[in-house]
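Report on the structure given below.
The values are calculated or read from the model by the stated rules, or taken from the named source; none is laboratory data. This one's a predicted model, so the numbers in the text were calculated from it and none came from an experiment. Cβ placement follows ideal geometry from the backbone for every residue including glycine, while neighbour counts extend to all protein chains displayed. Calculation scope for accessible area: heavy atoms of the full protein, side chains included, ligands and nucleic acids excluded. Shrake-Rupley method; radii C 1.70, N 1.55, O 1.52, S 1.80 Å.
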Amino acid sequence: MGDVNAGSGEGADGGEGPGSANRADRADRAGNIDGAPGAPRAERPTLPRPAVTELRLSAYAGRRRAAYTLGPVTLFAGPSGSGKSTVLGAYEALARLGAGEPLGEVFPHPADLVPDSARPDAQGRRGFRIGCTVDGPVGPVRIDLAVQAHPELRIVGERLTRHGRTLLTTALRDPGRTTVQAAWLTAGATPVTRAPLPDDLLGTALLPLRVAGATQGQREVLAAAEQAVVGLRSLFVCAPEPERMRAPVLPGEGRLLRDCANLAEVLHRTHTDCPRRHQRLAAVAGAGCAGPVTGVGVQELRDGTVRALLARGARPATPLGRLGAGELRYLALALTLLTGPGVLAMDRIAEVPDAMQCLTLLTDDLDRGLDGRQTAALLGLTAAIAADGHIRLAGAVGERAAAQARRTPGVTVVDLTP
């Protein structure tokens, strides 16, 4: 099967089982976490809050053995067909798996992701590999998946590693069953725990429900799995659609939707509940909207709906519905940068305080509809906000915006080729 281990018992990348280490770390392998005798060499965490810092794709929609480093602000650039949307889509797919979504919902058309050049194995199976690194308080944690796309969709191998040591492996042993054989590090009286797991769910996301944490090895597994899941779930996909943002809306929960159609509703909430963030939005609105802007207001209409307005000083206020598409996209993107998980319609991680989370915004076609002034202002705002470590951004831009991004301190541009 093209680039997918069909279940040799070696997990997602053909390595050894839980507790094993790569060559660089074998001399240090043991069942303890950092600071204990015999533990793997500790790496100083580079991030205080979990965040995805690398994506890996192989035999995935034309990407072969590709690895992309993600910084605080990372923009993918390249001509049409170079794979910008593919890379961002892979990130979103991993995030959805981390949130517990079934494989079939995440990849509704899996065969389309397998390159035509990927040859099936002797059993006619084809698939792809996808993975990421989540850095954070316990150091870099890697997740690697082998996905069978044909003849049926299933995860046939998964590997969770930390400091080069394998903490979890899964492998497809019996194609007639809808489970994979999982093994995770225990490092107690029984070195490894083995159990079946569903072949359509991310095993790493299931570990907090399966591992008791009674031994040091189990606690290491839990710490790595929890960091990986928090890093993956801390993602909000922002795809503003200006034509859906123009009409007044009914007040509600006030959590911004993916398409930002309820922008007026969210502004109504932030105006009351988050005055400091609302004032900051008003301060940056002038950089992306034509004419003088002295504030962002909200008007309650007689039919119970609300609409947002740009205050113009002595001039009449302008309803947001009359703004250009670029102005609306600029305001929506600026709002996502200035708010936190509580104001976004995303999978909240209630058990982790917001101060311990790092939100990543995922935005394809970041510069769509924006002129040069709006693009420069938005890139500057993004870099400034990302510098405090609470918000990151991964997006795709055209060449003009990429040129501007290369001149913006704190922004990394990754150039892709077809």
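Ranked by the mean number of other Cβ atoms within 10 Å of their residues, highest first, the peptides 290-298, 47-55 fall in the order 47-55, 290-298. Backbone phi angles across region 406-418, fed through the Karplus curve with coefficients 6.51, -1.76 and 1.60 (θ = phi - 60°), yield HN-Hα couplings of 5, 8, 9, x, x, 10, 10, 10, 10, 8, 10, 10, x Hz in residue order; Gly and Pro are listed as x. Computed from Cα atoms, the angle from the helix 216-233 axis to the main principal axis of the chain rounds to 30 degrees.
Each Lys or Arg adds one and each Asp or Glu takes one away; over the other residues whose Cβ falls under 12 Å from the Cβ of residue 186, this sums to +2. Of the residues 183, 139, 113, the one whose Cα sits farthest toward the positive end of the charge dipole of the chain, with +1 on the Cβ of Lys and Arg and -1 on the Cβ of Asp and Glu, is 139. To the nearest 10 degrees, how steep is helix 84-98 against the longest Cα principal axis of the chain, on a 0 to 90 scale? Approximately 70 degrees, to the nearest ten.
Among the trypsin sites (Lys or Arg not before Pro) in region 83-184, which ones are in a DSSP loop with at most 16 other Cβ atoms within 10 Å of the Cβ? Mind listing them? Listed in order of number, the matching sites are 173, 177. Build a GNM of the chain with springs between Cα atoms under 10 Å apart, and of 193, 382, 204 the one that fluctuates most is 193. 3J(HN,Hα) along region 60-69: 10, 6, x, 8, 10, 6, 9, 10, 10, 7 Hz, from the Karplus curve 6.51 cos²θ - 1.76 cosθ + 1.60 with θ = phi - 60°, whole Hz, x for Gly and Pro. The Cβ shell under 10 Å around residue 326 holds other residues with a net charge of 0, Lys and Arg each +1, Asp and Glu each -1.
Net charge in the neighbourhood of residue 82 (other residues with Cβ under 15 Å of its Cβ; Lys, Arg +1, Asp, Glu -1) is -1. Only one of [x] 42, 23, 20; [y] 46, 24, 19; [z] 38, 26, 22 was calculated from the structure for semi-axes √(5λ) of the Cα gyration tensor in Å, and its label is [x]. Over the residues of the chain, the helix contribution to mean residue ellipticity at 222 nm works out to -7500 deg cm²/dmol, using -39500 (n - 2.57) for each DSSP H run of at least 4.
Heavy-atom accessible area, probed at 1.4 angstrom with all protein chains present, ranks 406, 329 as 406, 329, highest first.
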